[in-house]
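J.: Here's a structure for you.
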Amino acid sequence: MEDILTVDKLTKTYRRGFIPKPVLALKEASFAVKKGRITGFIGANGAGKTTTIRCLLNFTHLDSGRFFFFGTPGFGSEARKRVGYLPEHPHFYGFLSGFEFLKFYAQLSGKKKQASEIMDALEAVRLKEAADRPLSAYSKGMLQRVGLAQAMIHKPELLILDEPMSGLDPDGRRLVRNILLEVAQRGVTLFFSTHLLDDAENLCDDIVLMAQGKVVYAGSLEKVLLQSSGQHLLRFEDEAHALHQEEVAGLDKANHRIREILASGGRIVEVSRSRRRLEDVFSQWTGGPS
Amino acid sequence: MKALLLIASVTFKELIREKTLHGLLVVFLLISIFSLILGQLSFAEQVRMSLDFGLSVMHLSVVGLSLILGAQLVQREIDRKTIFTLLVKPLQRTQYIFGKFLGLSALIFFTTFLCTLFLVLSMRYLGQFYWREIFTTGFGQWIECSILIAVVLFLSQFLKPPVTIFCGVALFLIGHWFETLRFLTQKNPDAGLKILHDVLTFVFPNLEIWNWKGMVIYGEFLSPLHLAAAFGQGLLWMGAYLFLAALLMERRDLIA
């Protein structure tokens, strides 16, 4: 599968404090985002997710490393036309109505949009009814959705979102999640940072896991959930046809236990690898509490 | 160019709703009305006194507005993260800076126009019709404010807004005291003072160039050529400071 974004050894140091001291925010972070996939960018607060995104979008300058959007180095004018972005908790011009707001961002993107197209964009984020209302009257969830609409107004191929579901109530999160799934179904590649592991587990095909400025895992979510668990789940019936369930660590032990059950006259009903939660994987990789 | 004008337009629309602007306009109105009353108390020169006072208040109001709004123009958008949704679009940081400048400069133009209109009507009420003189002074004040906006936009690239405002006020005062500084330099043999004078005159304009209040009050006529030359000189200073601001903006890390 084609890599739509390739990141190679990004390093970034900030200088903080009255007497500026260097703080390492990113240390040789490398990963790739595959076309048409939903990639979660996961890490605790301060892990370096936002810094990475800001480096990729040229908001901050790199110390070293390189990155490619659509195979082209850097974030040039061509990439800008093909990428949409929504930061975490942004403030929008409150005096603009939802319609005017999208029209402004469409014009800024160099796209001349018909009124019907803007209304469609609002419809896609369930805000058609609020089109004429000023953004200052929007709720937090509505602002997040109109923010999503501005990120998508120029029909980007890659959508980069910084904590898109952070600070929303459960209904708001579900709504945003559904919108993101719809966007992904249209073939848009999604790359979003989050520390909400449930959302990442429900949405993502791939994950990039960051801890203390380093990428500790980048790849398939399914693979890491299965790989990280050495447990096998055995469901079997004994000779009296009573159903049992056992968890066995390691493949060899599982095989040995299966032979024991069969030898004692039992029947194997199901053997499967236990699938761990992303939360467990996260704790394991980042050294947090398990 | 279109992106630049879009930023200018949205900046103007945003700033026109600013409470600072409304507050300063109210203060200007109140003080101007007070000046009319004060003028009536004087035995002579009522119109000249009211006009002088009104133009001074207008000057301070628009300069204050330029410094306060200009100092936070960029930093506020970084803090609120609005800038990130803009700069991810096909918009250069230089275009962003110039757009912000144009938006605020247009607002100051509009505010100055409103104030001058009020003063023209006040003078009409007092029986004098000084519209050309008052508008000329307003024009000079707008050029001066636009230079100050460019200066604070430059300073705000590396200073926090309160420090930027402080430095802006200091430069405003220095800009109007160049003649005094030159006089002191001539009278005082201190080499340090001379170096300070030379450096300041090199890096900052003499703002008295655009202060036409005195000429107008005493009925001196400013030719269109004079106005055009002063405008051109102002544009050069604005351009220089905006160029530096854009240069720093391109290089800085945008951190909320």
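J.: Keeping all protein chains in position, work out how much accessible area B:Trp131 exposes to a 1.4 Å probe, and write it in Å² to the nearest 10.
T.: 120 Å²
J.: Just to confirm the number: angle between the C-alpha axis of helix B:178-187 and the first principal axis of chain B, 0 to 90 degrees, nearest 10?
T.: The answer is roughly 80 degrees.
J.: Something else about it: Report, as an integer, the average count of C-beta atoms from other chains found within 10 Å of each Cβ along B:75-84.
T.: The shielding value for this peptide is 4.
J.: Same structure again: If I build a Gaussian network model for chain A, linking alpha-carbon pairs within less than 10 angstrom, which residue out of A:Phe191, A:Phe101, A:Phe41 has the largest mean-square fluctuation?
T.: Judging by the Gaussian network model, the answer is A:Phe101.
J.: Also, I was wondering about something else. What is the distance in Å between the Cα centroid of the stretch B:169-202 and that of the stretch B:30-96?
T.: Rounded to whole Å, the Cα centres lie 26 Å apart.
J.: For the stretch B:129-241, give the magnitude of the charge dipole about the Cα centre (Cβ charges: +1 Lys/Arg, -1 Asp/Glu; no others), in debye to the nearest 20.
T.: Magnitude of the dipole: close to 140 debye.
J.: Let me ask you something else. Tally up the carbon and sulfur contribution to the accessible surface of the stretch B:30-91 as a whole percent, 1.4 Å probe, everything protein left in place.
T.: Carbon plus sulfur share of accessible area: 68 percent.
J.: A further question follows. When ranked by the protection proxy of mean other Cβ atoms within 10 Å per residue, highest first, what sequence do the peptides A:42-51, A:213-222 form?
T.: So the peptides A:42-51, A:213-222, ranked by packing, come out A:42-51, A:213-222.
J.: Which listed residue (A:Phe75, A:His91, A:Leu122) has the Cα farthest towards the positive end of the charge dipole for the stretch A:63-147, taking +1 on Lys and Arg C-beta and -1 on Asp and Glu C-beta about the Cα centre?
T.: Working it through, the farthest residue towards the positive pole turns out to be A:Phe75.
J.: Right, here's the next one. Ignoring everything except DSSP H segments at least 4 long, calculate the 222 nm mean residue ellipticity for chain A; use -39,500 (n - 2.57) per segment, divide by total residues, nearest 500.
T.: Computed ellipticity for chain A at 222 nm equals -10000 deg cm²/dmol.
J.: Please work out the C-alpha center-to-center distance from the stretch A:132-163 to the stretch B:1-21 and express it in whole Å.
T.: Distance between centres, Cα-based: 21 Å.
J.: Shifting gears a bit: Listed highest first by mean packing, meaning other Cβ atoms within 10 Å per residue, what order do B:31-38, A:52-59 come in?
T.: A:52-59, B:31-38
J.: Can you compute the modelled spin-label distance between B:Leu38 and B:His197, with each label point 7 Å from Cα toward Cβ, in nm?
T.: So the two model labels end up 3.3 nm from each other.
J.: Which value does Rg/Rh take for chain A over its C-alpha atoms, Rh per Kirkwood?
T.: 1.09
J.: Please compute the Kirkwood hydrodynamic radius of chain B from all pairs of different C-alpha atoms, in Å with one decimal.
T.: Final number for the Kirkwood radius of chain B is 19.4 Å.
J.: Report, in debye and to the nearest 20, how large the dipole of the protein assembly as shown comes out about its Cα centre when Lys and Arg carry +1 and Asp and Glu carry -1 on their Cβ.
T.: 660 debye
J.: Then there's this: Is the stretch A:230-274 rounded, prolate or oblate when judged by the Cα gyration tensor, a ≥ b ≥ c being the square roots of its eigenvalues, rounded requiring a/c under 1.5 and prolate requiring a/b larger than b/c?
T.: Cα axes put the stretch A:230-274 in the oblate bin.
J.: Same structure, new question: Going by average Cβ neighbours within 10 Å, how do the peptides B:190-200, B:60-70 rank, with the highest at the top?
T.: B:60-70, B:190-200
J.: So, for the stretch A:3-226, what is the accessible surface per residue at a probe of 1.4 Å, expressed in square angstrom?
T.: Solvent-accessible surface per residue comes out at 42 Å².
J.: Subtract the Cα-Cα distance of B:Gln186 and B:Asp253 from 0.36 nm times their separation in residues, and report this length gain in nm to one decimal.
T.: Contour length minus Cα-Cα distance gives 19.7 nm.
J.: Here is a further query. According to the square roots a ≥ b ≥ c of the eigenvalues of the Cα gyration tensor, what is the shape class of the stretch B:106-256, taking rounded for a/c under 1.5, prolate for a/b larger than b/c otherwise, and oblate for the remainder?
T.: Judged from the Cα gyration tensor, the stretch B:106-256 comes out oblate (a/c at least 1.5, b/c at or above a/b).
J.: Averaged across A:87-98, how many Cβ atoms of other chains sit within 10 Å of each residue's Cβ atom?
T.: The shielding value for this peptide is 4.
J.: Leaving ligands, DNA and RNA out of it, rank A:Ser264, A:Ser193, A:Ser272 by accessible area with a 1.4 Å probe, largest first.
T.: Result, largest first: A:Ser264, A:Ser272, A:Ser193.
J.: What is the calculated FRET efficiency for B:Gln128 to B:Arg17, with r their C-beta to C-beta distance and R₀ = 30 Å, to the nearest 0.05?
T.: 0.30
J.: If you take every residue apart from B:Gly64 with its C-beta less than 14 Å away from the C-beta of B:Gly64, what net charge results, scoring Lys and Arg +1 and Asp and Glu -1?
T.: That sum, taken over residues with Cβ under 14 Å, equals -1.
J.: Something else now. Charges only on Cβ, +1 for Lys and Arg, -1 for Asp and Glu: so what's the dipole of the stretch A:163-290 about the Cα centre, in debye to the nearest 20?
T.: 300 debye
J.: Sticking with this one: Roughly how crowded by other chains is peptide A:74-83, in terms of the mean Cβ count from those chains within 10 Å of each of its Cβ atoms?
T.: 2
J.: A follow-up question, please. Ordered by residue, what ³J(HN,Hα) values in Hz, to whole numbers, does the stretch A:155-171 give under the Karplus form 6.51 cos²θ - 1.76 cosθ + 1.60, where θ = phi - 60° and Gly and Pro are x?
T.: 6, x, 8, 10, 10, 10, 10, 9, 6, x, 10, 5, x, 9, 6, x, 5
J.: At a probe size of 1.4 Å, how large is the accessible area of B:Glu208, to the nearest 10 Å²?
T.: Only protein atoms counted, so the area is about 70 Å².
J.: Here's something else I'd like to know. On the protein heavy atoms, probe 1.4 angstrom, tell me the percent of accessible surface of the stretch A:103-189 carried by carbon and sulfur.
T.: For the stretch A:103-189, the apolar C and S fraction of the accessible surface comes to 46 percent.
J.: While we're on this one: Excluding A:Lys35 itself, calculate the net charge of residues whose Cβ lies under 12 Å from the Cβ of A:Lys35, where each Lys or Arg counts +1 and each Asp or Glu counts -1.
T.: Surrounding charge for A:Lys35 is -2.
J.: Residue-wise, which Karplus ³J(HN,Hα) couplings in Hz belong to the stretch B:46-62, taking 6.51 cos²θ - 1.76 cosθ + 1.60, θ = phi - 60°, and x for glycine or proline?
T.: 4, 5, 4, 5, 5, 5, 4, 5, x, 5, 5, 5, 4, 4, 5, 5, 6
J.: Let me ask something additional. So which aspartates and glutamates pass the test for A:Lys27, namely a Cα distance under 15 Å, with those fewer than 8 places away in the same chain ruled out?
T.: A:Asp8, A:Asp63
J.: How big a patch of accessible area, both sides summed and in Å² to the nearest 100, lies buried between A and B at a 1.4 Å probe?
T.: The A and B chains share an interface burying roughly 2700 Å².
J.: Next question. Of B:Val151, B:Leu207, B:Phe34, whose Cα points farthest to the positive end of the dipole of chain B (charges on the beta-carbon: +1 Lys, Arg; -1 Asp, Glu; origin at the Cα centre)?
T.: B:Val151
J.: What is the sum of charges around A:Glu260, taking Lys and Arg as +1, Asp and Glu as -1, for the other residues whose C-beta is under 12 Å from the C-beta of A:Glu260?
T.: +1
J.: If you don't mind, there's one more thing I want to ask. Might you work out the accessible area of A:Leu143 for me, using a 1.4 Å probe with all protein chains in place, and round it to the nearest 10 Å²?
T.: Only protein atoms counted, so the area is about 50 Å².
J.: Can you compute the radius of gyration and Dmax for the protein assembly as shown, using only the Cα atoms, both in Å?
T.: 31.7, 122
J.: Please build a GNM for chain A, connecting alpha carbons under 10 Å apart, and tell me which residue among A:Val33, A:Val224, A:Val248 fluctuates the most.
T.: A:Val248
J.: Tally up the carbon and sulfur contribution to the accessible surface of the stretch A:230-274 as a whole percent, 1.4 Å probe, everything protein left in place.
T.: The C+S portion of the solvent-accessible surface of the stretch A:230-274 is 51 percent.
The values are calculated or read from the model by the stated rules, or taken from the named source; none is laboratory data. Please read these numbers as outputs of a predicted model, since none were measured by experiment. Positions of Cβ are backbone-derived with ideal geometry, glycine not excepted, and every protein chain shown enters the neighbour counts. Just the protein is used for accessible areas: all its heavy atoms, side chains included, with ligands, DNA and RNA removed. Shrake-Rupley method; radii C 1.70, N 1.55, O 1.52, S 1.80 Å.
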